[in-house]
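J.: Below you will find the structure I want to go over with you.
The values are calculated or read from the model by the stated rules, or taken from the named source; none is laboratory data. Because the structure is predicted, anything quoted here is derived from the model rather than measured. Cβ: placed from backbone, ideal geometry, glycine included. Neighbour counts: every protein chain shown. With ligands, DNA and RNA removed, areas are computed over all heavy atoms of the protein, side chains included. Shrake-Rupley method; radii C 1.70, N 1.55, O 1.52, S 1.80 Å.
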Amino acid sequence: MSSFVSRPRISPRLLITVGVALALVLLALLPETALASAPRPNWNPGPPWAPLDPKSPEMHMISNLFWIMLVLSGIVFIGVFGALIISIVRFSAGPNAAPGPQIYGNRIVEISWTAIPFLILIGAFIITAKYIHDINTSQAAGPPLNIIARGHQWWWEFYYPSLGVVTANEVHVPAGVPLHFHVESADVIHSFWAPQLQRQIDANPGQDNAVFVTMPETGVYGGACYEYCGDAHAWMKFEVIVQTPHDFALWVKHQKSPPAAPSNSLIALGRTVFMTHTCIKCHTITGVPGASGSVGPNLTHVGSRWAIAAGALPVSVPTVMMWIHDPNAYKPGVLMPGYPLLSQKDLRALATYLVSLK
Ligand code: CUA
(Lines give C-alpha, C1' and ligand atoms only; values in the text may rest on other atoms or scores of the structure.)
Protein backbone atom coordinates (compact mmCIF):
# COMPACT_ATOMS: atom_id res chain seq x y z
CA MET A 1 0.00 0.00 0.00
CA SER A 2 1.50 3.30 -0.97
CA SER A 3 1.44 6.15 1.52
CA PHE A 4 0.67 9.76 0.72
CA VAL A 5 2.80 10.86 3.65
CA SER A 6 6.39 11.30 2.46
CA ARG A 7 9.07 11.45 5.09
CA PRO A 8 10.74 14.90 5.20
CA ARG A 9 14.25 14.68 3.73
CA ILE A 10 17.12 16.91 4.77
CA SER A 11 18.86 18.08 1.63
CA PRO A 12 22.66 17.57 1.56
CA ARG A 13 23.02 21.19 0.51
CA LEU A 14 21.34 22.39 3.72
CA LEU A 15 23.58 20.08 5.79
CA ILE A 16 26.72 21.48 4.13
CA THR A 17 25.56 25.09 4.61
CA VAL A 18 24.84 24.53 8.31
CA GLY A 19 28.18 22.71 8.73
CA VAL A 20 30.17 25.50 7.11
CA ALA A 21 28.33 28.16 9.16
CA LEU A 22 29.05 26.27 12.40
CA ALA A 23 32.73 25.88 11.46
CA LEU A 24 32.97 29.62 10.72
CA VAL A 25 31.42 30.49 14.09
CA LEU A 26 33.84 28.16 15.90
CA LEU A 27 36.77 29.64 13.96
CA ALA A 28 35.68 33.18 14.90
CA LEU A 29 35.54 32.12 18.56
CA LEU A 30 39.12 30.78 18.50
CA PRO A 31 41.36 33.56 19.80
CA GLU A 32 44.22 34.59 17.55
CA THR A 33 47.47 33.07 18.76
CA ALA A 34 49.29 36.37 19.40
CA LEU A 35 46.22 37.75 21.17
CA ALA A 36 45.79 34.67 23.32
CA SER A 37 49.44 34.39 24.34
CA ALA A 38 50.03 38.12 24.93
CA PRO A 39 51.03 39.01 28.49
CA ARG A 40 48.30 41.28 29.80
CA PRO A 41 48.78 43.74 32.66
CA ASN A 42 46.77 43.52 35.87
CA TRP A 43 43.56 45.47 35.75
CA ASN A 44 40.91 45.16 38.39
CA PRO A 45 37.54 46.83 37.92
CA GLY A 46 36.22 45.14 41.08
CA PRO A 47 33.87 42.18 41.43
CA PRO A 48 31.09 41.55 38.85
CA TRP A 49 28.73 43.37 41.24
CA ALA A 50 31.20 46.31 41.50
CA PRO A 51 28.52 49.07 41.48
CA LEU A 52 27.07 47.37 44.60
CA ASP A 53 30.53 47.42 46.24
CA PRO A 54 30.91 51.22 46.19
CA LYS A 55 34.09 53.07 47.16
CA SER A 56 32.80 56.64 46.89
CA PRO A 57 29.84 58.45 48.52
CA GLU A 58 28.31 58.97 45.07
CA MET A 59 28.35 55.24 44.27
CA HIS A 60 27.04 54.55 47.79
CA MET A 61 23.99 56.65 46.95
CA ILE A 62 23.45 54.88 43.63
CA SER A 63 23.83 51.49 45.32
CA ASN A 64 21.35 52.54 48.07
CA LEU A 65 18.87 53.68 45.42
CA PHE A 66 19.16 50.28 43.75
CA TRP A 67 18.38 48.46 47.02
CA ILE A 68 15.43 50.77 47.82
CA MET A 69 13.96 50.18 44.35
CA LEU A 70 14.58 46.44 44.61
CA VAL A 71 12.72 46.24 47.96
CA LEU A 72 9.85 48.43 46.67
CA SER A 73 9.39 46.39 43.52
CA GLY A 74 9.89 43.17 45.52
CA ILE A 75 6.94 44.09 47.77
CA VAL A 76 4.78 44.83 44.70
CA PHE A 77 5.90 41.58 43.04
CA ILE A 78 5.12 39.46 46.10
CA GLY A 79 1.76 41.22 46.61
CA VAL A 80 0.61 40.79 43.01
CA PHE A 81 1.83 37.23 42.53
CA GLY A 82 0.67 36.21 46.02
CA ALA A 83 -2.88 37.43 45.27
CA LEU A 84 -2.75 35.69 41.88
CA ILE A 85 -1.63 32.33 43.32
CA ILE A 86 -4.18 32.49 46.19
CA SER A 87 -6.93 33.24 43.64
CA ILE A 88 -5.90 30.32 41.43
CA VAL A 89 -5.66 27.84 44.31
CA ARG A 90 -8.66 28.90 46.40
CA PHE A 91 -11.16 30.13 43.89
CA SER A 92 -10.72 27.84 40.90
CA ALA A 93 -14.11 26.51 39.76
CA GLY A 94 -14.54 22.89 38.70
CA PRO A 95 -15.58 21.95 35.15
CA ASN A 96 -19.22 21.60 36.15
CA ALA A 97 -19.51 24.64 38.42
CA ALA A 98 -22.26 27.17 37.89
CA PRO A 99 -21.25 30.61 36.47
CA GLY A 100 -19.77 32.89 39.13
CA PRO A 101 -21.41 36.10 40.36
CA GLN A 102 -21.12 38.93 37.81
CA ILE A 103 -19.61 42.12 39.24
CA TYR A 104 -20.26 45.50 37.59
CA GLY A 105 -17.76 47.83 39.20
CA ASN A 106 -16.48 48.23 42.76
CA ARG A 107 -15.50 51.76 43.69
CA ILE A 108 -13.33 50.88 46.71
CA VAL A 109 -11.26 48.32 44.76
CA GLU A 110 -10.86 50.63 41.75
CA ILE A 111 -9.76 53.61 43.83
CA SER A 112 -7.29 51.51 45.81
CA TRP A 113 -5.65 49.88 42.77
CA THR A 114 -5.20 53.31 41.25
CA ALA A 115 -4.10 55.13 44.39
CA ILE A 116 -1.63 52.55 45.74
CA PRO A 117 0.56 52.36 42.57
CA PHE A 118 0.32 56.14 42.25
CA LEU A 119 1.65 56.63 45.79
CA ILE A 120 4.41 54.03 45.27
CA LEU A 121 5.54 55.75 42.04
CA ILE A 122 5.42 59.21 43.65
CA GLY A 123 7.59 57.88 46.49
CA ALA A 124 10.05 56.31 44.03
CA PHE A 125 10.15 59.56 42.03
CA ILE A 126 10.91 61.69 45.10
CA ILE A 127 13.70 59.38 46.30
CA THR A 128 15.22 59.20 42.79
CA ALA A 129 15.07 62.98 42.29
CA LYS A 130 16.76 63.52 45.67
CA TYR A 131 19.59 61.09 44.85
CA ILE A 132 20.06 62.58 41.35
CA HIS A 133 20.34 66.03 42.93
CA ASP A 134 22.77 64.80 45.59
CA ILE A 135 25.18 63.00 43.24
CA ASN A 136 25.26 66.09 41.00
CA THR A 137 26.53 68.12 43.94
CA SER A 138 30.04 67.97 45.34
CA GLN A 139 30.04 65.66 48.38
CA ALA A 140 33.11 67.17 50.05
CA ALA A 141 34.01 70.66 51.18
CA GLY A 142 36.38 72.86 49.20
CA PRO A 143 36.82 73.75 45.56
CA PRO A 144 36.77 70.71 43.25
CA LEU A 145 39.76 69.59 41.20
CA ASN A 146 38.77 69.71 37.52
CA ILE A 147 39.94 66.83 35.35
CA ILE A 148 39.16 66.49 31.66
CA ALA A 149 38.73 62.84 30.63
CA ARG A 150 38.80 62.69 26.85
CA GLY A 151 37.97 59.47 25.03
CA HIS A 152 39.93 58.65 21.88
CA GLN A 153 39.77 55.60 19.62
CA TRP A 154 41.02 53.72 21.72
CA TRP A 155 42.56 55.24 24.80
CA TRP A 156 41.84 57.86 27.47
CA GLU A 157 43.55 61.22 27.84
CA PHE A 158 43.46 62.89 31.26
CA TYR A 159 44.18 66.59 31.49
CA TYR A 160 44.36 68.67 34.68
CA PRO A 161 43.79 72.28 33.51
CA SER A 162 44.73 73.89 36.82
CA LEU A 163 47.93 71.83 37.16
CA GLY A 164 49.06 71.73 33.52
CA VAL A 165 49.47 67.95 33.65
CA VAL A 166 48.45 65.56 30.90
CA THR A 167 48.60 61.79 31.05
CA ALA A 168 47.02 58.77 29.42
CA ASN A 169 45.09 55.72 30.55
CA GLU A 170 45.66 56.37 34.24
CA VAL A 171 44.27 59.16 36.34
CA HIS A 172 45.90 60.03 39.66
CA VAL A 173 43.66 61.77 42.17
CA PRO A 174 44.02 62.94 45.78
CA ALA A 175 41.85 61.11 48.36
CA GLY A 176 39.11 63.17 50.03
CA VAL A 177 39.28 66.05 47.54
CA PRO A 178 36.12 66.65 45.49
CA LEU A 179 36.76 65.88 41.82
CA HIS A 180 34.89 67.24 38.87
CA PHE A 181 35.39 65.06 35.81
CA HIS A 182 34.56 66.67 32.48
CA VAL A 183 34.03 63.79 30.07
CA GLU A 184 34.63 64.59 26.40
CA SER A 185 35.37 62.76 23.19
CA ALA A 186 37.86 63.40 20.40
CA ASP A 187 36.00 61.27 17.86
CA VAL A 188 33.03 58.95 18.49
CA ILE A 189 30.81 58.27 21.52
CA HIS A 190 32.60 56.49 24.37
CA SER A 191 31.47 55.87 27.93
CA PHE A 192 33.59 56.59 30.98
CA TRP A 193 33.09 54.31 33.97
CA ALA A 194 35.05 53.14 36.99
CA PRO A 195 32.22 51.00 38.41
CA GLN A 196 33.16 51.35 42.08
CA LEU A 197 33.68 55.11 41.93
CA GLN A 198 31.29 57.03 39.70
CA ARG A 199 28.20 56.66 37.59
CA GLN A 200 28.60 55.70 33.96
CA ILE A 201 28.76 58.79 31.78
CA ASP A 202 28.89 59.12 28.01
CA ALA A 203 31.75 60.88 26.25
CA ASN A 204 30.04 62.72 23.42
CA PRO A 205 31.96 64.73 20.80
CA GLY A 206 31.48 68.47 21.34
CA GLN A 207 29.85 68.10 24.72
CA ASP A 208 31.09 68.47 28.31
CA ASN A 209 29.39 65.83 30.46
CA ALA A 210 30.47 66.55 33.99
CA VAL A 211 30.34 64.25 36.99
CA PHE A 212 31.26 64.91 40.62
CA VAL A 213 33.03 62.26 42.64
CA THR A 214 34.98 62.10 45.89
CA MET A 215 37.15 59.13 46.78
CA PRO A 216 37.79 58.91 50.50
CA GLU A 217 40.15 55.89 50.46
CA THR A 218 43.47 55.44 48.71
CA GLY A 219 43.68 52.53 46.28
CA VAL A 220 43.74 51.50 42.64
CA TYR A 221 40.47 51.05 40.81
CA GLY A 222 39.93 49.83 37.26
CA GLY A 223 37.73 51.52 34.69
CA ALA A 224 37.00 51.16 31.00
CA CYS A 225 34.96 52.35 28.06
CA TYR A 226 31.44 50.94 28.33
CA GLU A 227 30.02 51.96 24.98
CA TYR A 228 30.94 50.09 21.81
CA CYS A 229 33.13 52.52 19.88
CA GLY A 230 34.81 50.44 17.18
CA ASP A 231 37.28 47.58 16.76
CA ALA A 232 39.44 48.09 19.86
CA HIS A 233 36.62 49.07 22.24
CA ALA A 234 37.62 46.25 24.59
CA TRP A 235 41.13 47.73 24.91
CA MET A 236 40.14 51.09 26.25
CA LYS A 237 40.91 50.49 29.92
CA PHE A 238 42.21 52.89 32.53
CA GLU A 239 43.18 52.96 36.18
CA VAL A 240 42.15 55.43 38.86
CA ILE A 241 44.99 55.76 41.35
CA VAL A 242 43.74 57.40 44.55
CA GLN A 243 46.69 58.75 46.54
CA THR A 244 47.14 60.72 49.74
CA PRO A 245 47.20 64.48 48.95
CA HIS A 246 50.94 64.46 49.75
CA ASP A 247 51.71 61.62 47.31
CA PHE A 248 49.48 63.24 44.71
CA ALA A 249 51.42 66.52 45.00
CA LEU A 250 54.68 64.59 44.48
CA TRP A 251 53.18 62.87 41.43
CA VAL A 252 52.11 66.23 39.95
CA LYS A 253 55.57 67.68 40.53
CA HIS A 254 57.17 64.69 38.80
CA GLN A 255 54.72 64.81 35.87
CA LYS A 256 55.52 68.46 35.25
CA SER A 257 59.26 67.85 35.06
CA PRO A 258 60.77 66.69 31.77
CA PRO A 259 62.21 63.16 31.76
CA ALA A 260 65.88 62.74 32.64
CA ALA A 261 68.45 62.95 29.84
CA PRO A 262 69.49 59.55 28.33
CA SER A 263 71.82 57.83 30.79
CA ASN A 264 73.55 55.52 28.30
CA SER A 265 74.24 55.17 24.57
CA LEU A 266 71.40 52.66 23.97
CA ILE A 267 68.82 55.07 25.43
CA ALA A 268 70.37 57.95 23.46
CA LEU A 269 70.07 55.89 20.26
CA GLY A 270 66.43 55.15 21.15
CA ARG A 271 65.75 58.86 21.54
CA THR A 272 67.25 59.48 18.09
CA VAL A 273 65.14 56.67 16.58
CA PHE A 274 62.07 58.26 18.18
CA MET A 275 62.93 61.69 16.76
CA THR A 276 63.80 60.49 13.24
CA HIS A 277 60.75 58.33 12.63
CA THR A 278 57.08 59.28 12.44
CA CYS A 279 56.60 58.76 16.23
CA ILE A 280 56.86 62.52 16.84
CA LYS A 281 53.95 63.23 14.49
CA CYS A 282 51.48 61.59 16.91
CA HIS A 283 53.15 61.60 20.34
CA THR A 284 54.43 64.27 22.67
CA ILE A 285 57.47 63.88 24.92
CA THR A 286 58.28 67.02 26.88
CA GLY A 287 61.77 68.25 26.02
CA VAL A 288 62.07 66.32 22.76
CA PRO A 289 62.21 68.79 19.83
CA GLY A 290 59.40 68.26 17.33
CA ALA A 291 57.60 65.68 19.48
CA SER A 292 54.35 67.51 20.06
CA GLY A 293 51.73 65.34 18.34
CA SER A 294 48.43 64.86 20.12
CA VAL A 295 46.83 62.10 18.04
CA GLY A 296 48.34 59.43 20.30
CA PRO A 297 48.98 59.39 24.04
CA ASN A 298 51.50 61.77 25.59
CA LEU A 299 54.56 59.60 26.32
CA THR A 300 56.53 61.97 28.59
CA HIS A 301 56.36 59.52 31.54
CA VAL A 302 55.13 56.39 29.75
CA GLY A 303 57.65 54.19 31.57
CA SER A 304 55.90 54.83 34.89
CA ARG A 305 52.43 53.79 33.74
CA TRP A 306 50.56 50.59 34.58
CA ALA A 307 50.27 49.57 30.92
CA ILE A 308 50.70 50.70 27.33
CA ALA A 309 47.96 50.90 24.70
CA ALA A 310 45.15 51.36 27.27
CA GLY A 311 45.77 48.04 28.98
CA ALA A 312 46.82 45.92 25.99
CA LEU A 313 50.37 45.17 27.22
CA PRO A 314 52.44 45.71 30.37
CA VAL A 315 55.37 48.14 30.31
CA SER A 316 58.70 46.37 29.70
CA VAL A 317 61.36 46.44 26.98
CA PRO A 318 60.20 43.15 25.33
CA THR A 319 56.49 44.11 25.37
CA VAL A 320 57.14 47.61 24.01
CA MET A 321 59.24 46.02 21.24
CA MET A 322 56.39 43.60 20.43
CA TRP A 323 53.98 46.52 20.38
CA ILE A 324 55.97 48.79 18.06
CA HIS A 325 56.76 45.90 15.70
CA ASP A 326 53.11 44.89 15.22
CA PRO A 327 50.55 46.70 17.41
CA ASN A 328 47.62 45.18 15.55
CA ALA A 329 48.60 41.72 16.83
CA TYR A 330 47.87 42.79 20.43
CA LYS A 331 45.09 45.33 19.89
CA PRO A 332 43.18 44.51 16.68
CA GLY A 333 42.05 47.62 14.86
CA VAL A 334 44.51 49.95 16.60
CA LEU A 335 45.19 53.14 14.63
CA MET A 336 48.95 53.14 15.29
CA PRO A 337 50.89 51.63 12.36
CA GLY A 338 53.46 48.93 13.03
CA TYR A 339 57.17 49.36 12.31
CA PRO A 340 58.15 45.91 10.97
CA LEU A 341 61.10 47.34 9.01
CA LEU A 342 62.85 48.76 12.07
CA SER A 343 66.10 46.83 12.76
CA GLN A 344 66.21 44.76 15.98
CA LYS A 345 68.90 47.11 17.32
CA ASP A 346 66.84 50.25 16.67
CA LEU A 347 63.68 48.58 17.96
CA ARG A 348 65.38 47.53 21.21
CA ALA A 349 66.93 51.00 21.62
CA LEU A 350 63.56 52.70 21.06
CA ALA A 351 61.79 50.41 23.54
CA THR A 352 64.56 50.88 26.13
CA TYR A 353 64.28 54.65 25.72
CA LEU A 354 60.49 54.65 26.16
CA VAL A 355 60.62 52.36 29.21
CA SER A 356 63.28 54.66 30.72
CA LEU A 357 60.78 57.55 30.69
CA LYS A 358 59.73 57.05 34.29
CU1 CUA B 1 35.50 53.79 23.66
CU2 CUA B 1 34.18 51.87 23.69
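J.: Name the residue, out of H180, H277, H152, whose mean-square fluctuation peaks in a Gaussian network model built on the chain with Cα pairs under 10 Å.
T.: The residue that fluctuates most here is H277.
J.: Now for a separate question. Just need the relative contact order of the stretch 130-243 here, percent rounded to a whole number, with Cα pairs under 8 Å and 6+ apart.
T.: The value is 28 percent.
J.: Sticking with this structure for a sec: Restricting everything to alpha-carbon atoms, can you work out Rg to Rh for the stretch 265-355 with a Kirkwood hydrodynamic radius? Intermediate results must be reported in sequence, preceding the final value.
T.: On the way: Rg = 11.9 Å, Rh = 13.0 Å.
On the Cα set of the stretch 265-355, Rg over Rh gives 0.92.
J.: Report the extension gain between A210 and H180 in nm, rounded to one decimal, defined as 0.36 nm multiplied by the number of residues separating them, less their alpha carbon distance. Spell out each step's value before the answer.
T.: Working: separation 30, 0.36 × 30 = 10.80 nm, distance 0.66 nm.
Contour length minus Cα-Cα distance gives 10.1 nm.
J.: Pulled fully out, how much extra length does the chain show between S292 and L26, if you take 0.36 nm times their separation in residues and subtract their Cα-Cα distance?
T.: On the way: separation 266, 0.36 × 266 = 95.76 nm, distance 4.46 nm.
Between S292 and L26, full extension yields 91.3 nm more.
J.: While we're here: What ³J(HN,Hα) values, in whole Hz, does the Karplus curve 6.51 cos²θ - 1.76 cosθ + 1.60 give for the stretch 344-352 when θ = phi - 60°, with x put for Gly and Pro?
T.: Residue by residue, the stretch 344-352 yields 4, 5, 5, 4, 5, 4, 4, 5, 5 Hz.
J.: Here's another thing I want to ask about it. Could you give the nm distance between label points at M275 and F118, where each point is 7 Å from its Cα heading toward the beta carbon?
T.: Each label point is offset 7 Å from its Cα along the Cβ direction, giving 7.7 nm.
J.: Using amide H atoms built in the peptide plane, which far-off residues or other-chain residues are under 5 Å from V315 H to H?
T.: I308
J.: Using a 1.4 Å probe, how large is the accessible area of W49, given in Å² and rounded to the nearest 10?
T.: Surface open to solvent at W49 totals about 150 Å².
J.: I've got another one for you. With a 10 Å cut-off between alpha carbons and a GNM built on the chain, which of M275, M69, M321 moves the most?
T.: M69
J.: How large is ³J(HN,Hα), in whole Hz, for each residue of the stretch 323-340 in order, when computed from phi with the Karplus curve 6.51 cos²θ - 1.76 cosθ + 1.60 and θ = phi - 60°, using x for Gly and Pro?
T.: 4, 5, 5, 8, x, 5, 6, 10, 8, x, x, 3, 7, 6, x, x, 10, x
J.: Give the value in nm², to one decimal: projected area of the alpha carbon convex hull of the chain, averaged over all directions. Present the calculation step by step, with values, prior to reporting the outcome.
T.: On the way: hull surface 132.2 nm².
Over every viewing direction, the Cα hull of the chain projects on average to 33.1 nm².
J.: Also: Amide H of F238 versus every other amide H placed in the peptide plane: which residues, excluding those fewer than 5 positions away on the same chain, fall under 5 Å?
T.: Excluding prolines and chain starts, which carry no amide H, the hits are G223, A224.
J.: Now, a different point. Ordering S185, S292 from largest to smallest accessible area (1.4 angstrom probe), what's the sequence?
T.: Working: S185 15, S292 90 Å².
Highest to lowest solvent-accessible surface, that is S292, S185.
J.: While we're looking at this one, here's another question. Given R₀ = 35 Å, what would the calculated FRET efficiency be for A83 paired with T137, taking r from the Cβ atoms and rounding to 0.05?
T.: Details: r = 41 Å, r/R0 = 1.18.
That pair, A83 with T137, gives E of 0.25.
J.: Spelling out what I want: for every residue of the stretch 217-224, take phi, set θ = phi - 60°, compute 6.51 cos²θ - 1.76 cosθ + 1.60 (Karplus), and round to whole Hz; glycine and proline get x.
T.: 9, 6, x, 10, 10, x, x, 7
J.: For the chain, which span is the longest to avoid every loop-located (per DSSP) member of GluC sites (Glu not before Pro) having at most 13 other Cβ atoms inside 10 Å? Walk me through the numbers before you get to the answer.
T.: On the way: sites that count: E32, E217.
Looking at the chain, 33-216 is the longest stretch - no exposed GluC sites (Glu not before Pro) with at most 13 other Cβ atoms within 10 Å.
J.: Mean-square fluctuation check for the chain, GNM, Cα pairs under 10 Å: which of V220, V109, V320 is largest?
T.: Among V220, V109, V320, the largest mean-square fluctuation in the Gaussian network model of the chain belongs to V109.
J.: Once you place label points 7 Å from the Cα toward the Cβ at S265 and S304, how far apart are they in nm?
T.: That separation, rounded to one decimal, is 3.0 nm.
J.: Now for a different question. How big is D for the stretch 204-358, in µm² s⁻¹ as a whole number, if Stokes-Einstein is applied with the Kirkwood radius of its Cα pairs at 20 °C and 1.002 mPa s? Mind dumping the intermediate values first?
T.: Numbers: Rh = 17.1 Å.
The estimated diffusion coefficient comes to 126 µm²/s.
J.: What FRET efficiency comes out for the pair H246/Y226, r = Cβ-Cβ distance, R0 = 22 Å, nearest 0.05?
T.: Numbers: r = 33 Å, r/R0 = 1.48.
Taking R0 as 22 Å, the efficiency between H246 and Y226 is 0.10.
J.: With no solvent and one equal point scatterer per Cα, compute the Debye intensity ratio I(q)/I(0) for the stretch 145-256 at 0.10, 0.12, 0.14, 0.16 Å⁻¹ and report its log10, rounded to two decimals.
T.: -0.25, -0.37, -0.50, -0.66
J.: Before anything else, pin down the relative contact order of the chain: Cα pairs under 8 Å, at least 6 apart, normalised by residue count, whole percent. Walk me through the numbers on the way to the answer.
T.: Details: 597 pairs, mean separation 58.1, N = 358.
Across the chain, relative contact order equals 16 percent.
J.: Sticking with this structure for a sec: Using modelled backbone amide H atoms (1.01 Å from N, in-plane), which distant-in-sequence or interchain residues come within less than 5 Å of A210's amide H?
T.: The list, which skips near neighbours in sequence, is V183.
J.: While we're here: With Kirkwood's inverse mean 1/r over C-alpha pairs for Rh, give me the Rg to Rh ratio of the stretch 1-152, two decimals please. Write out the running numbers ahead of the final one.
T.: On the way: Rg = 29.9 Å, Rh = 24.5 Å.
Looking at the stretch 1-152, the ratio lands at 1.22.
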